[in-house]
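A short worksheet on the structure shown next.
The values are calculated or read from the model by the stated rules, or taken from the named source; none is laboratory data. Keep in mind the model is a prediction, meaning the values are calculated, not measured. In this analysis, Cβ positions are derived from the backbone assuming ideal geometry, glycine residues included, and neighbour counts consider all displayed protein chains. These area figures cover heavy atoms from the full protein model, side chains too; ligands, DNA and RNA do not enter into them. Shrake-Rupley method; radii C 1.70, N 1.55, O 1.52, S 1.80 Å.
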Amino acid sequence: MLRDLYQEEHRIFRESMRRFVADQVTPNVDEWEEAGAVPRELWLAMGEQGFLCPWVPEEYGGLGLGFEYSLIVNEELIRGDGFGVGVPLHSDVASPYLADYGTAQAKEKFLPGCVSGEVITAVGFTEPGAGSDLAAIRTTAVKDGDEYVLNGQKTFITNGYFADLVVVAVKTDPSAGYKGISLILVDKDAPGFSKGAPLHKMGMRMQDTAELYFEDCRVPAWHLLGEQGQGFKYMMAKLQQERIEVCIKCQVMAEQCLKEGLEFAKTREAFGKPIGFQQANAFKLAEMATDVQLGRTFLDDLIFSHIKGEDVVQKVSMAKYWLGEMVNRVAYQAVQLHGGYGFMEEYRICRLYRDVRALSIFAGTSEIMKLIISRNMGLRS
Ligand SMILES: Cc1cc2nc3c(=O)[nH]c(=O)nc-3n(C[C@H](O)[C@H](O)[C@H](O)COP(=O)(O)OP(=O)(O)OC[C@H]3O[C@@H](n4cnc5c(N)ncnc54)[C@H](O)[C@@H]3O)c2cc1C
């Protein structure tokens, strides 16, 4: 079980992360939400404390720790209201592509910066015309001597505006469908690479989300990740950890929504008693607590399987679908319990409600998760 993995060193790491969040994240979230961005100083401070990419091997400046340390960083950020800090995507989604598929030259150049916070990473897969159907991307890369030349556009890219390095999905053979997809690193100074202004979003406003443009953008050939034409395979492999990272967000945010709903229901009075003492609301909270408990049990089992290296595609897809819907259910009911106060910005539940909405959409929608689950059951819809 997951909790059996935790030792004294995990407790110490969690404690220092919790203190860091209390000092340097929570007091600033309103300002960052307003600004639509998290300052680079935060990334550098997290890097200094070992909170970025803690799994990176020591030879590249990391701590060489397990995935459970990333999980601790992710959980504590959320508990301290840093839902929109793009660190989990950097540490556990984008940087692992570099570490696992990057050339020696690329790893040497960029990985130490991923650990220190000097290199912020992003993943550029989605395009205006292709989100769920990644095989339909149209951005191309053509080999020209010892360079690749990229043309195309990406959208909705988390960390996109401040990213120093982007893992970009391209077609190196447009006639070969998903077999023609490759992954290439594009650094912020590459000629022909530009970024749009941060996009205005319903929630997670402190997280910068941007469009990226490639116009005859040139990068060295050693920026290719792995083998040409194998990009789709790499994406499918790495998407599992990305989805687990989102599942953790779903679960911890659901726990926070329940906490807010319960506290409010115990203190707010109507008709002469706390609203939580009305049986309809007490039952609602009982249902929310059951949802949250089921989620925690399933998630811990999933993470444990992932750390053991099992094939988790089916479990991940189920968890991403179920937890993404569950957190939205719990957030909706928590706002309902707050009455009009739930609609007011000064109440924490208001922002939680906005922020959870994207969780059943990004990293694979609930519908796409059900497609994967049913196909694994032999159903070809
Ligand atoms: C806040 C945010 C951050 C993001 N960050 C990133 C990022 O860092 N990098 C990145 O590459 N992308 C990112 N995305 C993009 C995200 O992954 C896509 O939005 C998502 O995969 C859905 O793609 P789409 O928006 O094109 O919707 P579409 O694929 O057009 O889907 C629209 C609707 O149709 C449904 N649908 C599509 N196909 C089927 C089907 N076969 N069966 C049933 N229903 C179907 C979908 O479920 C959805 O409900 C981000 C998105 C958001 C909102």
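In segment 96-201, which strands (runs of 3 or more DSSP E) lie fully inside it and hold 3 or more residues that are within 15 Å of the ligand (Cβ to nearest atom) and open to solvent by less than 50 Å² (accessible area, probe 1.4 Å)? Reasoning before the result, please.
Details: elements: 121-124, 140-144, 147-158, 165-171, 181-187, 193-195.
Where strands (runs of 3 or more DSSP E) fall fully within segment 96-201 and carry at least 3 residues being within 15 Å of the ligand (Cβ to nearest atom) and open to solvent by less than 50 Å² (accessible area, probe 1.4 Å), they are 121-124, 147-158, 165-171, 181-187.
Going by what's in this entry, would Gly324 be described as more than 19 Å from Ile373 (Cβ to Cβ) and either open to solvent by less than 70 Å² (accessible area, probe 1.4 Å) or without any contact (Cβ under 8 Å) to a residue 12 or more places away in the chain (or both)? Against the criterion (more than 19 Å from Ile373 (Cβ to Cβ) and either open to solvent by less than 70 Å² (accessible area, probe 1.4 Å) or without any contact (Cβ under 8 Å) to a residue 12 or more places away in the chain (or both)), Gly324 does not qualify.
Within segment 335-381, the set of residues being away from the ligand (no atom under 16 Å from the Cβ), surrounded by fewer than 16 Cβ atoms within 10 Å (Cβ to Cβ), of a type outside the set (A, V, I, L, M) and not in a helix (DSSP H, G or I) comprises Glu345, Glu346, Gly378. Selection of first residues in segment 273-291 that are polar (S, T, N, Q) and of second residues that are assigned to a helix (DSSP H, G or I) and surrounded by 14 or more Cβ atoms within 10 Å (Cβ to Cβ), restricted to Cβ pairs under 7 Å at least 6 apart or on distinct chains, gives the following pairs, ordered by first then second residue: Asn281/Ala265; Asn281/Ile275; Asn281/Leu337.
Could you please find all residues in segment 43-59 being buried (at least 19 other Cβ atoms within 10 Å of the Cβ) and not in a loop (DSSP other than H, G, I, E, B)? Of everything in segment 43-59, those that are buried (at least 19 other Cβ atoms within 10 Å of the Cβ) and not in a loop (DSSP other than H, G, I, E, B) turn out to be Trp43, Met46, Gly47. Look at segment 1-35 and say how many of its residues are part of a loop (DSSP other than H, G, I, E, B) and surrounded by 12 or more Cβ atoms within 10 Å (Cβ to Cβ). Residues in segment 1-35 being part of a loop (DSSP other than H, G, I, E, B) and surrounded by 12 or more Cβ atoms within 10 Å (Cβ to Cβ): 2 in total.
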